[in-house]
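Comments concern the structure below.
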Amino acid sequence: MEEEINAICSNGSIIRFHEVTKVYPLPGEDVVALDKVTLDLSPGDFVAIMGPSGSGKSTLLNLMGCLDTPTSGDLCIKGRNIRGMSDEELTVLRRDHIGFIFQQFNLLPLLTALENVQYPLILKTGSRECQDRCLAVLAAMDLDASLHSHKPSELSGGQQQRVAIARALVNDPEILLADEPTGNLDSKTGTAIMALLDDLNRNQGKTIIMVTHDPAIAKYARRIIRIVDGKITGTEG
Amino acid sequence: MQSRMFFDFARRNVRLHWLRSMLAVLGIIIGVVTIVSIGILGNSLVLAISDSLSTVGDSIIVSPHVGGMGFGGGGSAPELISDRDVEQIRRAVAPLITIPVYSGSSRMKIGTEDTVGVVYGLKSDDIPILLELAEGTYLRGSSSAMAGARFAEQNDIKVGSRITVGDKGSLRVVGILEERGMGFDINPDYGIVVESRWFEDAYGPNGYNLVIVKVKDLTEIDEVKEEIERQLNRRETVVDVIDTRAILDTILTAFGQISTFVTAIGGISLIVAGVSILNIMLMSVTERIKEIGVLRSIGTKRQEIRRMFLYEALILGLIGSGIGGVLSILGGYAVSLVMLQTTEYLFVPSSLIYIVYGIAFGIGISLLSGLYPAWKASNLNPIEALRHE
């Protein structure tokens, strides 16, 4: 059985859904958020997930981010089946291989921009000798050095999202999960952020999975997956 | 390094909500000051009592055996201690000092006033060993007497006054005794002390009511007690042998227990402070649900979230207990001064240790109060936490 599971995960996909179902038990009736979804994402993919509200986009993203586990089916992240993993194992997998970018940036309000970027690196390495790495990542995000000591509340939306992307990148993850990354930004800033993500995908080979409602943003992706009622209804690109 | 980061994180959060944090800290300060002050007061009380009673802690008291009395049995008065018994005791405990004591109560006439008092009969040589003189001299001749301090005060007895003891004859007061306070052997404050020969002439040589053995080395008390018992109670129990140290221990233990009980009541205030920490920590968790979701999503383990919140409780406990510890020295000083009129027992290790206990208890309660909020925070579902607005 274990060999079978491993065989499922060893097809070279960086993320693999194999007949994954996710059911949320509710008092009245269970809600099927994902219904036997099978999906393969290769290293270096840039995928946009689109669909109406409640279609299962976020559930798909949460499962990819190891924030949740499937009710049934197999989900492989970097060749490892997450079925049966403990909470701690899932957290370590997330910390070391997956970066999150949120619509609302979700920076830690008590920390400065630089500290926000340092945080995941310290979690991983246990060392504060990471100034260079953090500064380099922030520089790559075109964030002015004078803003490094600013708290999130002192930064604009675009600046906050740049810090958030730097935080997502600091542990050099292979996978970036972005949930409406430009949803809270004006179109000009949104375009700049998308250019950054595009660059990360093209030049650093990051696998990016992005949930969006906006077709203009989805165009940056090389593949668009459409999902309705927990089922993948089409793939473009 | 991670611990430092989590600690720093907790410190900033405490500072962010400084007002409510300080209110919780105030609770801990009050709790620590209360238990430490009460603890110090109780300990000072025990030490003060111990000091005032320890002067009689070096005696063994031999008294006639009092047999058990059944229902309606009544029982007869115990036989007194004979000269032979006293000699046996003297031999058993040699070279320690043995002081046989006659005692009885009698009507007395002082001037024109009638009163009742205790009469102790002691050998002249033994009196300075047991009693201190306030004025006048020790006994001179068999028809002299010394009056206890309270007895003299109440009956206006001075050196030179005459006391008529029942129909036994008249005595001249040659000395007034220093007040002795409560004793386990004799209590001459409310009576008079006469020469034992006068007592024998007046009441007949019936036997002694008490024999006091003065022990030089307190460690030999048990041995001396056993020796007396072996000599006198060989065939039947003739005498009861008690040592004042044991009585002292019983009293001190009782006071110690009372002190512990009162300190425990003071501890309730610290528990209340703990509840307030629990309350603000739960508020903190509720306010930071989204933040906890973010922390989890970027790779913070459950145990690390737990640690972060426990550090917050620890910081509150450390600040509160630290300030409380310092202030409790003042508190201890104040209550000692007000209740005991002395602070000499404040800076002794057995009192100061209460500061350590108070601080430890304060920190312990704070950590305990932080356990549930920390557990709650670490067990939040990261997806639901991220969705929280």
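The numbers here are math on the coordinates, done by the rules we state, and not lab data. Keep in mind the model is a prediction, meaning the values are calculated, not measured. Cβ: placed from backbone, ideal geometry, glycine included. Neighbour counts: every protein chain shown.
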Inset, instruction - Output yes when any residue across the stretch A:82-96 is under 18 Å from the mean Cα position of the chain (by Cα), buried (at least 22 other Cβ atoms within 10 Å of the Cβ) and over 22 Å from residue B:385 (Cα atoms), and no when none is. - result: no
Inset, instruction - Filter the stretch A:167-182 down to residues that are over 18 Å from residue A:220 (Cα atoms) and either free of Cβ contacts under 8 Å to residues at least 40 places away in the same chain or within 12 Å of chain B (Cβ to nearest Cβ) (or both), then give me how many there are. - result: 7
Inset, instruction - Take the stretch B:9-40 and flag every residue that is within 18 Å of residue B:377 (Cα to Cα) and without any contact (Cβ under 8 Å) to a residue 40 or more places away in the chain. - result: B:12
Inset, instruction - With the condition kept exactly as written, say whether any residue in the stretch A:165-185 is under 26 Å from residue B:3 (Cβ atoms), among the acidic types (Asp, Glu) and over 19 Å from the mean Cα position of the chain (by Cα). - result: no
Legend entry - All positions within the stretch A:84-114 that are part of a loop (DSSP other than H, G, I, E, B) and in contact with a Cys (Cβ under 9 Å, 6 or more places away or on another chain): A:85
Legend entry - Condition check for residue B:259: out of contact with any Ser or Thr (no Cβ under 8 Å at 6 or more places or on another chain), within 14 Å of another protein chain (Cβ to nearest Cβ), touching a residue at least 24 places away in the same chain (Cβ under 8 Å) and over 24 Å from residue B:82 (Cβ atoms): no
Inset, instruction - Could you please find all residues in the stretch A:75-97 being within 8 Å of chain B (Cβ to nearest Cβ) and hydrophobic (A, V, I, L, M, F, W, C)? - result: A:92
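Kindly evaluate residue B:267 against the criterion of being more than 23 Å from residue B:317 (Cα to Cα) and of a type outside the set (Phe, Trp, Tyr).
Values: more than 23 Å from residue B:317 (Cα to Cα): no; of a type outside the set (Phe, Trp, Tyr): yes.
No: the conditions fail for residue B:267.
I need the full set of residues from the stretch A:98-138 which are among the β-branched types (Val, Ile, Thr), more than 10 Å from chain B (Cβ to nearest Cβ) and surrounded by fewer than 21 Cβ atoms within 10 Å (Cβ to Cβ), in order please.
We begin by selecting, within the stretch A:98-138, every residue among the β-branched types (Val, Ile, Thr); these are A:98, A:101, A:112, A:117, A:122, A:125, A:137.
The next check asks that each one be more than 10 Å from chain B (Cβ to nearest Cβ); those that pass are A:101, A:112, A:117, A:137.
Once the filter is applied, which keeps residues that are among the β-branched types (Val, Ile, Thr), more than 10 Å from chain B (Cβ to nearest Cβ) and surrounded by fewer than 21 Cβ atoms within 10 Å (Cβ to Cβ), the stretch A:98-138 yields only A:112.
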Inset, instruction - Would you confirm whether any residue within the stretch A:65-82 is more than 20 Å from residue B:384 (Cα to Cα) and among the polar types (S, T, N, Q)? - result: yes
Inset, instruction - Quickly run through the stretch B:355-389 and pick out the residues that are surrounded by 19 or more Cβ atoms within 10 Å (Cβ to Cβ) and aromatic (Phe, Trp, Tyr). - result: B:361
Inset, instruction - Specify the residue that is nearest to the chain's Cα centre (by Cα); the eligible residues are those in the stretch B:285-344 that are within 14 Å of another protein chain (Cβ to nearest Cβ) and of a type in the set (Asp, Glu). - result: B:312
Inset, instruction - Go over the candidates B:350, B:336, B:328 one by one and state the one that is in contact with an Asp or Glu (Cβ under 9 Å, 6 or more places away or on another chain), farther than 29 Å from residue A:58 by Cα, in contact (Cβ under 8 Å) with a residue 12 or more places away in the chain and outside any loop (DSSP other than H, G, I, E, B). - result: B:336
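Give the residues of the stretch A:29-70 that are part of a loop (DSSP other than H, G, I, E, B), surrounded by fewer than 18 Cβ atoms within 10 Å (Cβ to Cβ) and more than 14 Å from chain B (Cβ to nearest Cβ), sorted by residue number.
First, the residues of the stretch A:29-70 that are part of a loop (DSSP other than H, G, I, E, B): A:29-30, A:42-45, A:51-56, A:65-70.
When the remaining residues are screened for being surrounded by fewer than 18 Cβ atoms within 10 Å (Cβ to Cβ), the result is A:29-30, A:42-44, A:52-54, A:69.
Selection gives A:29, A:30, A:42, A:43, A:44, A:52.
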Legend entry - Given (1) touching a Lys or Arg at 6+ places or on another chain (Cβ under 7 Å); (2) within 23 Å of residue A:109 (Cα to Cα); (3) not charged (D, E, K, R), number of the condition residue B:59 does not satisfy: (2)
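Are any residues in the stretch B:118-150 among the small types (Gly, Ala, Ser) and touching a Ser or Thr at 6+ places or on another chain (Cβ under 7 Å), and if so, which ones? Even if it seems obvious, please write down each step before you answer.
Initial filter on the stretch B:118-150 (among the small types (Gly, Ala, Ser)): B:121, B:124, B:134, B:136, B:141-145, B:147-149.
Hit for the stretch B:118-150 is B:121, nothing else.
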Legend entry - Subset of the stretch B:184-204 (residues that are under 40 Å from the mean Cα position of the chain (by Cα), more than 15 Å from residue B:140 (Cα to Cα) and among the aromatic types (Phe, Trp, Tyr)): B:184, B:190
